[in-house]
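The values are calculated or read from the model by the stated rules, or taken from the named source; none is laboratory data. It should be emphasised that the depicted structure is a prediction, and the values quoted were computed from it without experimental measurement. Cβ coordinates were reconstructed from backbone atoms using ideal geometry, including for glycine residues, and neighbour counts include every protein chain displayed. The accessibility values were calculated without ligands, DNA or RNA, using every heavy atom of the protein model including side chains. Shrake-Rupley method; radii C 1.70, N 1.55, O 1.52, S 1.80 Å.
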Amino acid sequence: MFEKLSRSWSLTKQSWSVLQQDKRLVLFPVVSAISTLVVCALLLVPGIILVVANMSEQPAGASTDATKDDLMATIGPWGMLGLFVIYFIANFITTYFNSALLACVMNRFDGLPSAPSDGLKLANSRLGKIAAWSLLNASVGMLINILQDKVDFLARWLIGLVGVAWQIVTFFVVPVMVVENTGPIDSVKRSFEVLKKTWGESLVSQYGVGAAMTLLSLLVLVGVVAPGIALSIFASSAVPVAIAAVLAVAALIAITVVGSTLKAILVAACYRYAVTGEAPGTFDQTVLAGAFAPTTKK
């Protein structure tokens with residue numbers, strides 16, 4: 001276990017090295033997050049209006065526990081449609097910019113032009129496939145949420161496992177679409193094929209990024225928020241803690257953006273190695289080979 005964590009940390013540092021070579025890569029998750037927030041916020045307003053209208057049409061006394069626990073009964077069919085549209089758009093925006101980011105990373109691995117415009121150009125060429133994949137992914141996510149809303153705790157837990165399995169199986173879908181230009185179904189199949197080569201060992205590589213970002217977040221809370229609270233108590237003023245809160249939020253946003261970028265770089269590197277058997281860019285061949293060592297059954 002410690003060997004896996006050490007290897008994961010090494011891959012995180014190598015992903016950081018790639019990001020240091022081209023800091024423009026962080027633009028993709030930033031624009032993706034802003035675009036998603038803006039579009040979903042615009043759609044949320046009419047969605048809330050529909051939900052309120054649907055609830056007002058329910059007869060008095062209809063707000064039973066069953067109604068409260070039933071998503072369909074609460075927001076109505078139009079609300080469900082609006083929620084699905086939000087699911088789809090959020091998936092599309094995230095996949096689009098993630099595809100552009102992965103395209104830039106792949107180009108950098110190959111020594112090709114890797115400006116943001118080059119990544120967007122490739123993402124534009126995959127627009128139909130990105131839309132189809134977003135529709136499939138949003139449909140699966142929506143279906144899982146609906147089913148979980150209608151069953152008891154144990155069944156909800158089992159359906160949750162199905163959702164986790166779906167995320168694992170589709171781990172390499174975006175790089176497959178970017179590099180192999182396949183449709184959503186073929187991309188899912190291909191993603192599973194690539195993942196099977198390692199018995200899921202490549203997923204462990206993501207732990208290093210997550211652990212590093214969590215550690216940085218804790219350092220921000222301890223090093224920024226805690227002193228702000230202490231100064232506010234000492235000075236009997238809310239100004240220090242307010243400033244600390246603003247700085248902490250900005251730092252946490254930056255950490256999240258960097259973490260998302262590092263994960264994308266690492267996914268690209270793992271996919272390239274799984275397909276070609278060669279370590280891309282500045283990644284270490286030995287470390288990647290260890291991450292992709294087959295798991296043996298005892």
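To keep it simple, each residue is scored yes or no on (1) farther than 16 Å from Ala268 by Cβ; (2) among the polar types (S, T, N, Q).
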{"site": "Met106", "(1), (2)": "no, no"}
{"site": "Gly111", "(1), (2)": "no, no"}
{"site": "Pro116", "(1), (2)": "no, no"}
{"site": "Ser125", "(1), (2)": "yes, yes"}
{"site": "Gly128", "(1), (2)": "yes, no"}
{"site": "Ala132", "(1), (2)": "yes, no"}
{"site": "Ile159", "(1), (2)": "yes, no"}
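Confirm whether Ile233 is open to solvent by 40 Å² or more (accessible area, probe 1.4 Å), more than 27 Å from Ser6 (Cα to Cα) and either among the aliphatic types (A, V, I, L, M) or modelled with pLDDT of 90 or more (or both).
Here the answer is yes, as Ile233 does meet what is asked.
Considering only segment 111-169, state which residues are over 28 Å from Val18 (Cα atoms) and touching a Lys or Arg at 6+ places or on another chain (Cβ under 6 Å).
Gln148
Restricting attention to segment 261-279, does a residue exist that is farther than 30 Å from Leu37 by Cβ, among the aromatic types (Phe, Trp, Tyr) and either within 23 Å of the chain's Cα centre (by Cα) or modelled with pLDDT of 90 or more (or both)?
Applying the first criterion (farther than 30 Å from Leu37 by Cβ) to segment 261-279 yields 272-279.
Filter again for among the aromatic types (Phe, Trp, Tyr), leaving 273.
Applying the additional criterion that residues be either within 23 Å of the chain's Cα centre (by Cα) or modelled with pLDDT of 90 or more (or both) yields 273.
Looking through segment 261-279, at least one residue is farther than 30 Å from Leu37 by Cβ, among the aromatic types (Phe, Trp, Tyr) and either within 23 Å of the chain's Cα centre (by Cα) or modelled with pLDDT of 90 or more (or both).
Any idea which of (1) at pLDDT 90 or above; (2) assigned to a helix (DSSP H, G or I); (3) hydroxyl-bearing (Ser, Thr, Tyr) is the one Thr182 doesn't satisfy?
Going through (1) at pLDDT 90 or above; (2) assigned to a helix (DSSP H, G or I); (3) hydroxyl-bearing (Ser, Thr, Tyr) one by one, Thr182 breaks only (2).
Is segment 267-274 home to any residue that is open to solvent by 60 Å² or more (accessible area, probe 1.4 Å) and either assigned to a helix (DSSP H, G or I) or closer than 23 Å to Gln20 by Cα (or both)?
no
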